[in-house]
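Below is one structure, written out as structure tokens, with a few remarks after it.
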There are 2 protein chains.
Amino acid sequence: MRVKDERKIEVIYEATLHLIQEVGIAGITVAKIAKEAKLATGTVYIYFKNKEELINQLYLHLKKQTTENLFVGFDPAEPIKVCMKKLFVNALKNKMASFKEGVFMEQYYHSPYISQEAKQIGQTKMLPIIELMERGKQELLIKPIENEVLLGLMAGFVRQLAQAHIVQKFEMTSERIEHSFQVIWDAMKA
Amino acid sequence: MRVKDERKIEVIYEATLHLIQEVGIAGITVAKIAKEAKLATGTVYIYFKNKEELINQLYLHLKKQTTENLFVGFDPAEPIKVCMKKLFVNALKNKMASFKEGVFMEQYYHSPYISQEAKQIGQTKMLPIIELMERGKQELLIKPIENEVLLGLMAGFVRQLAQAHIVQKFEMTSERIEHSFQVIWDAMKA
DNA sequence: AAGTAAAATGAATATTTATTCACAAATAGA
DNA sequence: TCTATTTGTGAATAAATATTCATTTTACTT
């Protein structure tokens, strides 16, 4: 008997993400995905029950991946500033490398596909960051302001820098990353 | 004869935005829009040639509106810090008050509806801000870093704060706005 | 108050898109 | 090499959605 080629799942994911970056969740059709993946329409249905499941599986797959990546090399025992820098640089690099994924995840959040559970998953991954910020405030190294504000500062900055990098081809040299961290650190330091 | 009720256009826009916040551009149908607006499906076609035109008109309408709002009370003759604060507070208040609109505009950018022209419009409205930042750097009040970085800092922060406000019900008191500006000013000041 | 022209309606139709399915191609094991 | 079994194909069908249109309602004009 013939064996299922599991790499096709990756190919389908990649095709879907590529299309979504261009035309959004609103613009994709199963036929387009299949064409982009160089498969017949029907083949997609061998790997996924239907389009809805494909979208949901893709979301869960990415969520897992991106959360792991954020904390690569992160060691909460190190000084606050070092920890923050690690997180900032990781987040920025990941966001640039996975811009398509980000576009999809944002659109998914306001789409007919999202489930109530998926809406809640997002919060938990932030816990280690929250702890870090609390510690920073305790040590009087970080301004005594709400975590929402600090988190918004970081996340928003990273998002916009990645967007400038992708959309306006703003090259992100290591010097610029360095300067950007200096900026964000000045913002949060006490 | 009966006269066209131009306010219906507003009603249709509002219904569309409301739906998009929930289910995204991908989730809207003309039937749903009509129902939300308490109109018959066919009525939508009296005001708009088709769904595509409705979406595009809505985008242009919002683009015009939000650009105007950003500069309300803005006077480039005032000191840098005052100018920046004005822009920050305007941007934040607008983004909170028009969150639905923001969701739509972001999705529109990655959707099958966007035209090439619409992609470019976005840049021009930023000109007065760019000028302000250049002046700040000249006067040595603002860090000598790229405008993309400074702009990303502001825009990203505003976006995330507005998101926290809407999604997590983070109340945005005038004290918090004050603190938030202090944070962002510390980030950009030389 | 009657006439009329345009707006409003929503069921009917056209179009697009998702999903199925009969058949063809591939491959693991005998 | 042959066979059995599952994958892969893409045209056919089903389902969802956009759009039209015959009919009704409204409100302006005379």
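The values are calculated or read from the model by the stated rules, or taken from the named source; none is laboratory data. From a predicted model like this one, the values you see are computed outputs, not experimental measurements. Here the Cβ is made from the backbone with ideal geometry for all residues, glycine too, and neighbour counts use every protein chain on show. Surface areas here come from the heavy atoms of the whole protein model, side chains and all, with no ligands, DNA or RNA. Shrake-Rupley method; radii C 1.70, N 1.55, O 1.52, S 1.80 Å.
If only residues of region A:116-130 that are closer than 30 Å to A:Ile142 by Cα and more than 12 Å from every other protein chain (Cβ to nearest Cβ) are counted, the one that is least open to solvent (accessible area, probe 1.4 Å) is A:Ile129.
Residue by residue, here is whether (1) in contact with a helix residue (DSSP H, G or I) (Cβ under 8 Å, 6 or more places away or on another chain); (2) of a type in the set (Phe, Trp, Tyr) holds:
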| site | (1), (2) |
| --- | --- |
| A:Thr124 | no, no |
| A:Glu131 | no, no |
| A:Glu134 | yes, no |
| A:Pro144 | yes, no |
| A:Ala162 | yes, no |
| A:Phe170 | yes, yes |
| A:Thr173 | no, no |
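Annotation note: of A:Ile142, A:Ile130, the sole residue that is of a type in the set (A, V, I, L, M) and modelled with pLDDT under 95 is A:Ile130.
So in region B:1-18, with the set limited to residues that are hydrophobic (A, V, I, L, M, F, W, C) and away from chain A (no Cβ under 14 Å), which one is surrounded by the fewest Cβ atoms within 10 Å (Cβ to Cβ)? First the steps, then the outcome.
Keep residues of region B:1-18 that are hydrophobic (A, V, I, L, M, F, W, C), which gives B:1, B:3, B:9, B:11-12, B:15, B:17.
So of that shortlist, the ones also away from chain A (no Cβ under 14 Å) come out as B:1, B:3, B:9, B:11-12, B:15.
Numbers: B:Met1: 2, B:Val3: 5, B:Ile9: 16, B:Val11: 17, B:Ile12: 22, B:Ala15: 20.
Per the criteria, the residue is B:Met1.
Checking each residue in region B:84-115 for being open to solvent by less than 60 Å² (accessible area, probe 1.4 Å) and over 30 Å from B:Gly24 (Cβ atoms) picks out only B:Met84.
Taking the listed residues A:Lys49, A:Lys38, the one that is away from chain B (no Cβ under 14 Å), within 11 Å of DNA strand C (Cβ to nearest atom) and of a type outside the set (A, V, I, L, M, F, W, C) is A:Lys49, with no other qualifying.
Give me the residue from region B:140-171 that is open to solvent by less than 30 Å² (accessible area, probe 1.4 Å) and β-branched (Val, Ile, Thr) and, out of that set, farthest from the other protein chains (Cβ to nearest Cβ). Filtering region B:140-171 for residues that are open to solvent by less than 30 Å² (accessible area, probe 1.4 Å) and β-branched (Val, Ile, Thr), the one farthest from the other protein chains (Cβ to nearest Cβ) comes out as B:Ile142.
Part of a loop (DSSP other than H, G, I, E, B) and farther than 18 Å from A:Ile25 by Cβ: which single residue out of B:Val3, B:Val44 fits that description?
On the way: B:Val44 fails: part of a loop (DSSP other than H, G, I, E, B).
Result: B:Val3 is the single residue among B:Val3, B:Val44 that is part of a loop (DSSP other than H, G, I, E, B) and farther than 18 Å from A:Ile25 by Cβ.
Can you tell me which residue within region B:19-35, out of those that are within 11 Å of another protein chain (Cβ to nearest Cβ) and out of contact with any Ser or Thr (no Cβ under 7 Å at 6 or more places or on another chain), is farthest from DNA strand D (Cβ to nearest atom)? Restricting to residues being within 11 Å of another protein chain (Cβ to nearest Cβ) and out of contact with any Ser or Thr (no Cβ under 7 Å at 6 or more places or on another chain), the top hit is B:Gln21. Kindly check whether there is at least one residue in region A:172-181 that is more than 7 Å from chain B (Cβ to nearest Cβ), at pLDDT 95 or above and not in a helix (DSSP H, G or I). Yes, region A:172-181 contains at least one residue that is more than 7 Å from chain B (Cβ to nearest Cβ), at pLDDT 95 or above and not in a helix (DSSP H, G or I).
Here's the yes/no breakdown for (1) over 12 Å from the mean Cα position of the chain (by Cα); (2) more than 16 Å from DNA strand C (Cβ to nearest atom); (3) in the same structural domain as B:Phe170 (by TED's automatic domain parsing); (4) closer than 30 Å to B:Ser174 by Cβ:
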position: B:Val30; (1), (2), (3), (4): yes, no, no, no
position: B:Thr43; (1), (2), (3), (4): yes, no, no, no
position: B:Glu78; (1), (2), (3), (4): yes, yes, yes, yes
position: B:Cys83; (1), (2), (3), (4): yes, yes, yes, yes
position: B:Lys100; (1), (2), (3), (4): no, yes, yes, yes
position: B:Met105; (1), (2), (3), (4): no, yes, yes, yes
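A:Lys137 - would you say it is at pLDDT 95 or above and open to solvent by less than 70 Å² (accessible area, probe 1.4 Å)?
Working: at pLDDT 95 or above: yes; open to solvent by less than 70 Å² (accessible area, probe 1.4 Å): yes.
In short, yes.
Residues in region B:11-22 that are in contact with a helix residue (DSSP H, G or I) (Cβ under 8 Å, 6 or more places away or on another chain) and either within 15 Å of DNA strand C (Cβ to nearest atom) or among the acidic types (Asp, Glu) (or both): B:Ile12, B:Tyr13, B:Ala15.
Reported count of residues in region B:62-83, each being modelled with pLDDT under 95, part of a helix (DSSP H, G or I) and open to solvent by 50 Å² or more (accessible area, probe 1.4 Å), is 4.
Count of region B:40-61 residues, restricted to those that are open to solvent by less than 40 Å² (accessible area, probe 1.4 Å), among the aliphatic types (A, V, I, L, M) and within 12 Å of DNA strand D (Cβ to nearest atom), is 3.
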